[in-house]
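One structure is given here, and the rest of the page talks about it.
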2 protein chains.
Amino acid sequence: MTKINQFARQSVDKSTEISELSTVGFYDAQWENNIFNHLIRRALPEHQSISSENGWLAEHLATPHTSVLDFLTRQMPLTETAFYTIAAQLLGFDEELVAYGLDGRQVFQTVGLEMVNISDIYHAWYVLLNTHTKNGLLFIDDLASHGYFELTNKRLLFNDKSLPTYDTKDLIQETVWVETSVDSDQDGQFDLVQVDIQRPKSVETIPILLTASPYYQGMMIKESDAKVHDVNKPLEHKLSNSVVYESIKYQNNSVVQNVSARVIQGHTTVATKKFTTLAGSAWDLNNYFLSRGYAVAYASGVGTRHSDGMQDTGSPEQVESMKNVVEWLAGNRVAFTDRDSQIAISADWSNHNIAMTGRSYLGTLATAVATTGVAGLKTVVSEAAISDWYQYYRDNGLVVAPGGFPGEDMDVLAELVYSRIADTADRMRTQKQWQDFQTKTVTQQDRQSGNYNRYWDARNYLNQVENIKIDMLLVHGLNDWNVKPRQVYRLWQAINDNQYGNKLILHQGQHINISNNRSLDFADQINLWFSKKLLGINNHAEMLLPNVIWQDNTSAETWHQLREWGTQTNHKTYNLAPDTLVTERANSEASFTDYLPETLFKKYTKDFNYWREKAIEGASEIKPTQLSFKSEILEESWTLSGEPVVHLRVKTSQNIGLISVMLVDYGDDNYLKPHLTSYSTMIDRGMNFAQTNLNEFEMKKSRYKMISIGHTNLQNRTNTWQNDDLVANEYVTLTLKLQPTLYTLRKGHQIGLILYATDFEMTLRGNQNVTYTIDYGDSTLILPELKKLS
Amino acid sequence: MTKINQFARQSVDKSTEISELSTVGFYDAQWENNIFNHLIRRALPEHQSISSENGWLAEHLATPHTSVLDFLTRQMPLTETAFYTIAAQLLGFDEELVAYGLDGRQVFQTVGLEMVNISDIYHAWYVLLNTHTKNGLLFIDDLASHGYFELTNKRLLFNDKSLPTYDTKDLIQETVWVETSVDSDQDGQFDLVQVDIQRPKSVETIPILLTASPYYQGMMIKESDAKVHDVNKPLEHKLSNSVVYESIKYQNNSVVQNVSARVIQGHTTVATKKFTTLAGSAWDLNNYFLSRGYAVAYASGVGTRHSDGMQDTGSPEQVESMKNVVEWLAGNRVAFTDRDSQIAISADWSNHNIAMTGRSYLGTLATAVATTGVAGLKTVVSEAAISDWYQYYRDNGLVVAPGGFPGEDMDVLAELVYSRIADTADRMRTQKQWQDFQTKTVTQQDRQSGNYNRYWDARNYLNQVENIKIDMLLVHGLNDWNVKPRQVYRLWQAINDNQYGNKLILHQGQHINISNNRSLDFADQINLWFSKKLLGINNHAEMLLPNVIWQDNTSAETWHQLREWGTQTNHKTYNLAPDTLVTERANSEASFTDYLPETLFKKYTKDFNYWREKAIEGASEIKPTQLSFKSEILEESWTLSGEPVVHLRVKTSQNIGLISVMLVDYGDDNYLKPHLTSYSTMIDRGMNFAQTNLNEFEMKKSRYKMISIGHTNLQNRTNTWQNDDLVANEYVTLTLKLQPTLYTLRKGHQIGLILYATDFEMTLRGNQNVTYTIDYGDSTLILPELKKLS
């Protein structure tokens, strides 16, 4: 059964309701009798005669035996049942209505839609217009999608959200080149970066959603694949050393020398490069706002097609180039109509209020630009973003791949988006310099040691969080093993206490978008949020939207509001003991050997998903390479919130070692699938514009679910930049924080912990014959428990 | 390596070339010097200043060391190499250009693009504009996609094909209700059927592409799934009888009695029901023509949402309702603005020339309407269409499912598209009548006997082929085991000798579209074809387009022209012998038993793809249930064209029996995959309109490929409507025609034949313990060999 969770609906006073209804054509003082008849007929925008409207009314029911047409014609009294029965059909819940015996109230109740007393019919209608249809839109947006509103190219707000009254069939689509403050190709001129702009022909100035996407100008998949590193390599001993953080701290030497700015030869507001189709993928959320009077800009930054410069993943120069685009949009920087003429172009259509949007790399750059504190950037909606690149390709002194991408690294990603090679002349001109540049990157990223260094410090945006002077809206999947949850957790912890109204949405998916989920009013929330941040509407977005919205992992389509993530907790501590997690301390030790027969090793390297399945099941073929533990069966459900911690006393048979840990929920039950199911229903992003599939997380039966993971090099017990000593067969102690989570462990389930070394999806896979021994006398698992769901 | 095959390019004389070039802005008598400079700069429609154009020119190469900009600036001589190097980049073959050492001529040669002497630069440019880019469009269409043409809503022809000069962002989208000549719900009024129309605001009258799609108004998947028949049922003995065809022949009693036509209360040309988004899927080929000045209409026919009537798969009433839509579009019938007002609306924008389009059920109805000989229908483009419903759900006295859909039947498909239940009032009003109607269908379709009867005869359009008075353009996949190749073969054989210029395209795919394949100029062909058929342009489409275009199964992206299919053949006959196909006759017999242990039986019922794989491999678990034969290794390649025939002398251990046959090509080799690989490149259907993925068939290694299949009930040796006697353990002889093919068997391969009974994908699966014995002394395989590829 469909459930809908709406957070972005504002209550307004009666006079505001009437005034807004009147503005959108759903109030008329003349309608003294038969108001409902007027309302419903106006809600059929595709029907342009009484007789045509009657067609719709005759096809739908007011009562089990009366069509809406008969109901209206006979002027039968409008009961609450009749109202909600008709309303259910207006919202598209016909199937549910049949299932619930043609009683619309039951549909509203079950789906979780708001019902009010219909004696105030205008109030009931106002609430209904602000209620979601089955198709992922507010009813009023659904009406707009069917042509209810004239496309005036003027802003129309309803319940403080912009309505799609802008003509997306007549967009201006143009390209400019922003002059940046960096010279990443060292040619003595500031790099120019291309920006593609889509905007409605608004009569007023409008805000801009900027998506910084290095992918946008094309992906060089063949070239990038050729750069993927071999991960079937041994872990090597690192000479111990003593390194203080200050010695590897990145200092931004932002003074660029011997670089000249272009002389401006003229000024214009008219672009000379137009386009009919975006060069790359549109960001769906941007499409939703294009029809609602927002401009959209796509920038790929330095080192991409049609721009200058070298490609340097996550670098200060890359971030600066994106920041510079914000500056131009805010009226604080020069851009040109092309790469040669030096005719400066200004965005006279911009209201100088900018938000950045995007997921993954795109969201990462949004976060990164926020840490520059650039003027004009008013908020970011950053989804599944990296806050610290070290944590993306490394972990605790180990090379650790993002889930699904073994062998990927900073240079591999750079190659993927060095799209300048797509143009033959640019390819020929820059290929030598590019190869040299990549050689330097390979050295600096240092796969040899796996340690944190100045290169990584320059790409750790957590260092600059104090510069964030805006409200951040963060979205992340708790099952995102690509950009892992720690990326958002650390950022959230860092900005949580600042004076801004930051928001966090945690879903149970992997590395995906939730903007088209049926069960959550994500786009409405952003619409309300942007009204405040980019349009300056004095609404209650910060108060109305919860600090944390969290998707329940125990049932489908259920979203809760929380005050916090990972702070308001108690701790539950388990001791490790043979096969079990217990309260009393054990006094024994146990070993596992991280070595596999060649055929099994090869099988696992070819299919790491199969490996993980076997590892979690504890299949006999894999058992010698792990130690696993299960708690007693839980007598009560409880919710884990934050970072699970494993404390271990461990020794290895050689002077090298890595420890991997999985935290698992065991129990035959329904679990949410971490990927989305796409329905054939399309959601409209305006009026027949950029339609996209409606999605939802569904549940399926399983026996277990991995809920967290962690990895560490035994030589990085102190920190990630210093090598600790490690001697064969000598015990050391270490404390390992696993990826944070927010997860309800259900009554009847068991908590599982698996200790192992090689992670076939993420770590190096040397297949070295190393035996690890754990001293249970000093090994614990500490789980943070949410005090209460509030 | 990409290959492109163009069939629709017309040669025109010099003066026509100049005149056409002039019309589209690529000729100017003033350009005496530096013509190429003008041409190439005009070919950059998104660049709207010299300086912006220079940006493009600087990013591309004329020679390995000279950008196009330098080349033009320095006025270097335009060599053939430089021309085709630049041309390769204009067409998007940059990657190929780099691979071929920056020599554009090599790219043109390898891809199969036409090169001409460039001394006549206008001729070379004319040819280039008519050459395909890498992105699935003619270069001139690609320019249009990037905004080259003003959207005038007036027709502009180039090389006798319509250019996309119609504004798809400003379409009229409206609905009408056609009054049909049928009363399938027997309410005493002719059924009204809804038609959705999309059309550009053309200043002239325009032709219409009509797609008859019962799916268009929605699919009732849950209800349909509930109707799927159990196929794990025994085959039953049929009492022998003697039936003459005349006794089951369908007579169209078209006089409908006691039904009244609606009184017309008024006339209009303005619709009162508009829509913003199509109710169902658009047909991609239609989108291509919307931007080219064709209107598009979608009709779902009787028994679908917003229409009257009952749903009766393939029935004369369903076909008549679609024919009636053609009649309205041709100005010969009444339609209304809605279901109630009786205001007649006429299509004053129609030029009264109609083509029908679509694949599968959609193509089927196009074919069916063609067999009515209705005035106004000028051609059909019918893809993967059924010509005889009996052949779709039955074969030779057996219930035989379309591949992939065991248990589906006429009633199941009817349930799927009885979309009137989507509206609550219509559901409540009609559900009883609908259930009764389905009960009747279940009886008539007669799964019990599997025989052909009057019901099926009424749904066999081959009976009316003599009424086809138009040129048919048929498209079918030779690996379509859903709508099997016999469906098009029988139709082709029937119309081949008529006086019309019918065309046939045979691809090596399954049940898919080829309109977006990169290697074939499918849309251009239809564009040229429609110019002749629907616009009355006197072009050479019939002569230029081959009678048969056939995709080569031995190499990717290769299409041949043939004169015929399945007629100009010799025959090769093989005798069946133990494990082999040989020239001399064997004098032995052999048996197989169609019975499986329960666990294996269940496994196969759950995964018929796995079963087929094992069956073709002759896995030991399956061997007792089949007899298989292989020829010697072929010393020469040869091409099979038409229907393979198996002649058998066979007896069974019970008085029931069915024989299935697979013809297989064995040999370690590359085979074309029958499904399409979708590229991320999007093809434009106008100017940023309805973009869709570019596709291509790719090859992959395999050890075999099934090339044909056949099934028969041993009690239907004479024909499909009469039961022949069958006595246990008594030999009978039968001749079974397999599905037709057009397929090159390669040197080094072996021809394989597999005889078996239960086909887990297609037949009933009774798991009855029946032993079949084949007398090799009178059992042969006869293969038709194409005389020559011409």
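Residue by residue through the stretch B:101-126, note down the ones that are in contact (Cβ under 8 Å) with a residue 40 or more places away in the chain, open to solvent by 10 Å² or more (accessible area, probe 1.4 Å) and of a type in the set (Val, Ile, Thr).
Passing the criteria: B:THR110, B:ILE118, B:ILE121.
Is the stretch A:234-253 home to any residue that is open to solvent by less than 80 Å² (accessible area, probe 1.4 Å), in contact (Cβ under 8 Å) with a residue 40 or more places away in the chain and in a strand (DSSP E or B)?
No, the stretch A:234-253 contains no residue that is open to solvent by less than 80 Å² (accessible area, probe 1.4 Å), in contact (Cβ under 8 Å) with a residue 40 or more places away in the chain and in a strand (DSSP E or B).
Could you list, in sequence order, the residues of the stretch A:431-478 that are touching a Ser or Thr at 6+ places or on another chain (Cβ under 8 Å) and among the basic types (Lys, Arg)?
Scanning the stretch A:431-478 gives a single hit, A:ARG459.
Which one is modelled with the highest pLDDT, of the residues in the stretch A:634-683 that are open to solvent by 30 Å² or more (accessible area, probe 1.4 Å) and among the β-branched types (Val, Ile, Thr)?
A:THR677
Could you tell me whether any residue of the stretch B:305-317 is open to solvent by 10 Å² or more (accessible area, probe 1.4 Å) and under 24 Å from B:ILE495 (Cβ atoms)?
Yes, because at least one residue in the stretch B:305-317 is open to solvent by 10 Å² or more (accessible area, probe 1.4 Å) and under 24 Å from B:ILE495 (Cβ atoms).
If a residue has to be among the hydroxyl-bearing types (Ser, Thr, Tyr) and under 18 Å from A:GLN318 (Cβ atoms) to count, how many in the stretch A:174-214 make the cut?
Result for the stretch A:174-214: 5.
Counting residues that are more than 12 Å from every other protein chain (Cβ to nearest Cβ) and under 24 Å from A:GLN431 (Cβ atoms), which helices (runs of 4 or more DSSP H) fully inside the stretch B:4-114 reach at least 3?
Because the criterion is at least 3 residues that are more than 12 Å from every other protein chain (Cβ to nearest Cβ) and under 24 Å from A:GLN431 (Cβ atoms), the helices (runs of 4 or more DSSP H) in the stretch B:4-114 that meet it are B:80-90, B:104-111.
Out of B:ASN688, B:ASN693, B:ASN716, I need the residue that is over 23 Å from the mean Cα position of the chain (by Cα) and either open to solvent by 30 Å² or more (accessible area, probe 1.4 Å) or farther than 30 Å from B:GLY566 by Cα (or both). Which one?
B:ASN688 is the lone residue from the list that is over 23 Å from the mean Cα position of the chain (by Cα) and either open to solvent by 30 Å² or more (accessible area, probe 1.4 Å) or farther than 30 Å from B:GLY566 by Cα (or both).
Please determine whether any residue of the stretch A:206-213 is of a type in the set (A, V, I, L, M, F, W, C), open to solvent by 20 Å² or more (accessible area, probe 1.4 Å) and out of contact with any His (no Cβ under 9 Å at 6 or more places or on another chain).
No, the conditions are met nowhere in the stretch A:206-213.
Can you name the residue in the stretch A:168-183 that is more than 28 Å from the chain's Cα centre (by Cα) and outside any strand (DSSP E or B) and is also farthest from the other protein chains (Cβ to nearest Cβ) among such residues?
Top of the filtered list is A:SER181.
Among the residues of the stretch B:424-451, write down those that are among the β-branched types (Val, Ile, Thr) and either within 14 Å of another protein chain (Cβ to nearest Cβ) or open to solvent by 20 Å² or more (accessible area, probe 1.4 Å) (or both).
Result: B:THR424, B:THR430, B:THR439, B:VAL442, B:THR443.
How many of the residues in the stretch A:760-776 are out of contact with any helix residue (DSSP H, G or I) (no Cβ under 8 Å at 6 or more places or on another chain) and either in a strand (DSSP E or B) or acidic (Asp, Glu) (or both)?
Residues meeting the conditions: 5.
In the stretch B:753-785, which residues are open to solvent by 20 Å² or more (accessible area, probe 1.4 Å) and more than 13 Å from B:ILE659 (Cα to Cα)?
B:GLU761, B:GLY766, B:ASN767, B:GLN768, B:ASN769, B:ASP775, B:ASP778, B:ILE782, B:GLU785
Can you find a residue that is touching a Leu at 6+ places or on another chain (Cβ under 9 Å), of a type in the set (Val, Ile, Thr) and either free of Cβ contacts under 8 Å to residues at least 12 places away in the same chain or farther than 30 Å from B:ASN353 by Cα (or both) anywhere in the stretch B:203-221?
yes
Could you say which residue among B:ASN513, B:ASN553 is of a type in the set (S, T, N, Q), in a loop (DSSP other than H, G, I, E, B) and more than 17 Å from the chain's Cα centre (by Cα)?
Only one candidate passes the filter, namely B:ASN553.
Return the pairs, sorted by first residue and then second, in which the second residue is open to solvent by 60 Å² or more (accessible area, probe 1.4 Å) and at pLDDT 95 or above, the first residue lies in the stretch A:270-281 and is more than 8 Å from chain B (Cβ to nearest Cβ) and part of a loop (DSSP other than H, G, I, E, B), the beta carbons are less than 7 Å apart, and the residues are 6+ apart or on different chains.
As it stands, the answer is A:GLY280/A:TYR215, since those pairs meet every condition given.
Could you tell me whether any residue of the stretch A:444-454 is in contact with a Pro (Cβ under 7 Å, 6 or more places away or on another chain) and closer than 30 Å to A:TYR743 by Cβ?
No.
Within the stretch B:282-304, can you find the residues that are open to solvent by less than 30 Å² (accessible area, probe 1.4 Å) and either more than 30 Å from B:LEU528 (Cα to Cα) or within 14 Å of chain A (Cβ to nearest Cβ) (or both)?
Within the stretch B:282-304, B:ASN287, B:LEU290, B:SER291, B:VAL302, B:GLY303, B:THR304 meet the criteria.
Assess whether B:ASP395 counts as being in contact (Cβ under 8 Å) with a residue 24 or more places away in the chain, surrounded by fewer than 23 Cβ atoms within 10 Å (Cβ to Cβ) and more than 20 Å from B:LEU209 (Cβ to Cβ).
Here the answer is no, as B:ASP395 does not meet what is asked.
Yes/no matrix, rows are residues, columns are (1) open to solvent by 10 Å² or more (accessible area, probe 1.4 Å); (2) touching a residue at least 60 places away in the same chain (Cβ under 8 Å); (3) more than 24 Å from B:TYR100 (Cα to Cα):
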site: B:GLU20; (1), (2), (3): yes, yes, yes
site: B:HIS38; (1), (2), (3): yes, no, yes
site: B:HIS47; (1), (2), (3): yes, no, yes
site: B:ASN54; (1), (2), (3): yes, no, yes
site: B:LEU57; (1), (2), (3): no, no, no
site: B:THR63; (1), (2), (3): yes, no, no
site: B:VAL68; (1), (2), (3): no, no, no
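Got a number for residues in the stretch A:184-195 being open to solvent by less than 10 Å² (accessible area, probe 1.4 Å) and outside any loop (DSSP other than H, G, I, E, B)?
Residues flagged as open to solvent by less than 10 Å² (accessible area, probe 1.4 Å) and outside any loop (DSSP other than H, G, I, E, B) within the stretch A:184-195 amount to 3.
Please go through the stretch B:590-606 and pick out each residue that is buried (at least 17 other Cβ atoms within 10 Å of the Cβ) and in contact with a Phe, Trp or Tyr (Cβ under 8 Å, 6 or more places away or on another chain).
Within the stretch B:590-606, B:ALA590, B:PHE592, B:ASP594, B:LEU596, B:TYR604, B:THR605 qualify.
From A:ILE386, A:ILE470, A:ILE421, A:ILE495, grab the single residue that is β-branched (Val, Ile, Thr), within 14 Å of chain B (Cβ to nearest Cβ) and in contact (Cβ under 8 Å) with a residue 24 or more places away in the chain.
Exactly one residue qualifies, and that residue is A:ILE421.
Out of all the residues in the stretch A:336-359, which are buried (at least 21 other Cβ atoms within 10 Å of the Cβ), over 17 Å from A:LEU534 (Cβ atoms) and away from chain B (no Cβ under 14 Å)?
Once the filter is applied, which keeps residues that are buried (at least 21 other Cβ atoms within 10 Å of the Cβ), over 17 Å from A:LEU534 (Cβ atoms) and away from chain B (no Cβ under 14 Å), the stretch A:336-359 yields only A:ARG359.
As an exercise: evaluate A:PHE149 against (1) in a helix (DSSP H, G or I); (2) within 12 Å of chain B (Cβ to nearest Cβ); (3) in contact with a helix residue (DSSP H, G or I) (Cβ under 9 Å, 6 or more places away or on another chain) and give the number of the one condition it does not meet.
All conditions are met except number (1).
The values are calculated or read from the model by the stated rules, or taken from the named source; none is laboratory data. This is a predicted model, so every value here is computed, not measured. Cβ sites come from the backbone with ideal geometry, for glycine too, and all protein chains shown count toward neighbours. Calculation scope for accessible area: heavy atoms of the full protein, side chains included, ligands and nucleic acids excluded. Shrake-Rupley method; radii C 1.70, N 1.55, O 1.52, S 1.80 Å.
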